[in-house]
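The values are calculated or read from the model by the stated rules, or taken from the named source; none is laboratory data. Computed from a prediction, not measured in an experiment: that's the story for all the values here. When we count neighbours, we look across all protein chains shown, and the Cβ atoms used for this are built from the backbone with ideal geometry, even at glycine.
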Amino acid sequence: MNASVSLSHHTLDIEQPSLQPTDELLAAAKQHILFTANRPDIVMARGEGMMIYDTEGKGYLDFIGGWAVNSLGHSPAVLQEALARQASQLVHASPGFYNEPQVKFAELLCQVSGMDKVFFASTGAEANESAVKLARKHGALHLDGACEIITLTNSFHGRTLAMMSATGKPQWGPLFAPKVDGFIHVPINDLDACFAAVTNRTCAIMVELVQGEGGVHALSEAYLYGLRKICDMYGILLIFDEVQTGLGRTGKLFAYEHYGIQPDILTLGKGIGAGFPLSAMLTKARFDLFQPGDQGGTYTGQPLGMAAGLAVLQELLERDLAASADKHGHELISRLEELTATYPITDVRGKGLLIAFDVPEGMAPKLASACMERGLLINATRASTIRLMPALIVQTQHIEAMVSILRLAFDHLLSSHDG
């Protein structure tokens with residue numbers, strides 16, 4: 001069965017794989033997959049570039065990008081080749097040994113980030129857990145046992161118990177008690193509140209430079225300079241959670257480059273593997289404090305993941321996709337701002353290809369659903385906020401197609417409301 005999907009002047013002819021009927025797949029999914037999210041009644045089958053296709057052959061222009069994961073688009077050739085090549089040589093050795101792609105990847109990642117040491121993991125939450133452990137190790141050794149970490153309200157750092165405790169989402173407060181102690185939440189861009197929260201028990205301040213899940217809100221330059229001064233003054237660590245913003249997403253290879261301020265610890269995830277589960281925690285040499293047994297994991301530094309990450313990073317650098325994200329991010333913001341004259345869109349904001357805008361309360365989920373029906377994937381982070389995170393390979397024709405579908409979805413919702 002062939003499915004033809006038109007995008008601007010481009011037409012892709014897709015050979016559909018032989019699959020179990022969609023209704024049978026959905027029935028099996030609802031019977032056997034643990035419920036953790038409300039998912040639409042579709043099953044994704046394959047992807048190519050900016051497009052993803054379901055088992056019925058319907059194509060979707062993807063402006064979610066696997067939640068900012070698919071930095072090179074769907075099924076990029078460079079990732080396919082790296083995985084196939086490494087799988088034919090060595091998939092897993094054990095974390096007790098070095099492997100060649102691990103060493104090469106660590107060297108390049110440290111070189112481009114300005115950091116000295118790296119610990120590899122599989123998820124952003126794991127990378128952030130590693131950062132918290134290292135900060136508390138620093139507190140134990142150098143700050144008389146200080147263990148508290150200051151984070152921001154409406155932040156997001158992951159879904160492990162510790163990272164849910166670090167995260168500043170109010171609705172998570174009562175979940176899964178008792179929580180992990182030692183996290184203090186203060187408002188974003190309120191330096192006085194952060195300064196007041198620092199005590200002799202504080203070992204670190206951990207922030208996202210742009211709060212992604214929190215609605216795409218960036219730290220101000222003055223605020224971040226203030227945080228750096230506080231940390232330097234008291235000898236506490238400054239942690240940048242760049243799980244979502246790192247590796248070109250904001251129009252720089254790392255979001256901290258917008259500010260000219262380096263962290264003591266940097267965490268990366270999502271786009272680092274372009275779809276392969278991979279994350280990293282990086283730090284300066286003086287904070288290489290772990291002892292054997294303090295930190296580890298069965299799949300840390302696994303050769304297959306290291307080959308994937310190395311190939312992705314090399315591709316990002318060779319194609320200068322951070323600069324492309326900056327260019328097309330400005331273009332996307334400009335096109336969205338044009339829509340504010342016609343549609344109820346306000347506060348268009350973001351850096352690079354991490355962009356959001358607001359709509360009337362309650363409209364965002366309806367807008368996302370109307371767009372999906374018309375072949376466009378966007379993300380409603382809350383009832384009044386839409387977030388866009390397309391792959392870094394996005395081009396002008398994709399932006400024009402996105403805007404066209406967004407118009408159709410708005411027209412539908414607004415005419416329905418009028419009726």
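Side notes on the structure shown:
- Of the strands (runs of 3 or more DSSP E) that lie entirely inside the stretch 319-419, those containing 2 or more residues that are surrounded by fewer than 20 Cβ atoms within 10 Å (Cβ to Cβ) span 346-351, 379-382.
- Unmet criterion (only one of (1) outside any loop (DSSP other than H, G, I, E, B); (2) more than 26 Å from Y223 (Cα to Cα); (3) touching a residue at least 40 places away in the same chain (Cβ under 8 Å)) for D144: (1)
Matching residues to (1) under 20 Å from Q397 (Cα atoms); (2) outside any strand (DSSP E or B); (3) at pLDDT 95 or above; (4) in contact with a Phe, Trp or Tyr (Cβ under 9 Å, 6 or more places away or on another chain):
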residue	(1), (2), (3), (4)
L19	no, yes, no, no
G47	yes, no, yes, yes
Q80	no, yes, yes, no
Q86	no, yes, yes, no
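- Evaluated against (1) closer than 23 Å to E48 by Cβ; (2) in a loop (DSSP other than H, G, I, E, B), L316 falls short on exactly one condition, (2).
- Some residue of the stretch 132-144 being among the β-branched types (V, I, T) and crowded, with 23+ Cβ neighbours inside 10 Å: yes
- D116, sole failed condition from (1) of a type in the set (D, E); (2) under 23 Å from T22 (Cβ atoms); (3) in contact with a Ser or Thr (Cβ under 9 Å, 6 or more places away or on another chain): (2)
- Qualifying residue in the stretch 271-280 (condition: within 18 Å of H328 (Cβ to Cβ) and in the same structural domain as A311 (by TED's automatic domain parsing)): yes
- Test: residue in the stretch 37-44 that is touching a strand residue (DSSP E or B) at 6+ places or on another chain (Cβ under 6 Å), modelled with pLDDT of 95 or more, in the same structural domain as P390 (by TED's automatic domain parsing) and not β-branched (V, I, T): yes
- The condition (being in contact with a Leu (Cβ under 9 Å, 6 or more places away or on another chain), of a type in the set (D, E, K, R) and farther than 21 Å from E242 by Cβ) is satisfied by just one residue among D116, D62: D62.
- Under the condition of being in a strand (DSSP E or B) and over 21 Å from Q244 (Cα atoms), the residues counted in the stretch 187-220 number 2.
- Residue identified as surrounded by fewer than 19 Cβ atoms within 10 Å (Cβ to Cβ), in contact with a Phe, Trp or Tyr (Cβ under 9 Å, 6 or more places away or on another chain) and among the hydrophobic types (A, V, I, L, M, F, W, C) among L191, L175, L209: L191
- Residue selected from the stretch 221-245 under the condition outside any helix (DSSP H, G or I) and over 14 Å from the mean Cα position of the chain (by Cα), by the criterion surrounded by the most Cβ atoms within 10 Å (Cβ to Cβ): I239
- The stretch 250-259, residues that are farther than 12 Å from L209 by Cα and either more than 17 Å from the chain's Cα centre (by Cα) or of a type outside the set (A, V, I, L, M) (or both): G251, K252
Each row is one residue, and each column tells you yes or no for (1) among the basic types (K, R); (2) under 30 Å from A77 (Cα atoms); (3) in a strand (DSSP E or B); (4) touching a residue at least 24 places away in the same chain (Cβ under 8 Å).
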{"residue": "L247", "(1), (2), (3), (4)": "no, yes, no, yes"}
{"residue": "Q262", "(1), (2), (3), (4)": "no, no, no, yes"}
{"residue": "A280", "(1), (2), (3), (4)": "no, yes, yes, yes"}
{"residue": "G293", "(1), (2), (3), (4)": "no, no, no, no"}
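- Subset of the stretch 61-78 [in contact (Cβ under 8 Å) with a residue 40 or more places away in the chain, assigned to a helix (DSSP H, G or I), surrounded by fewer than 24 Cβ atoms within 10 Å (Cβ to Cβ) and hydrophobic (A, V, I, L, M, F, W, C)]: W67, V78
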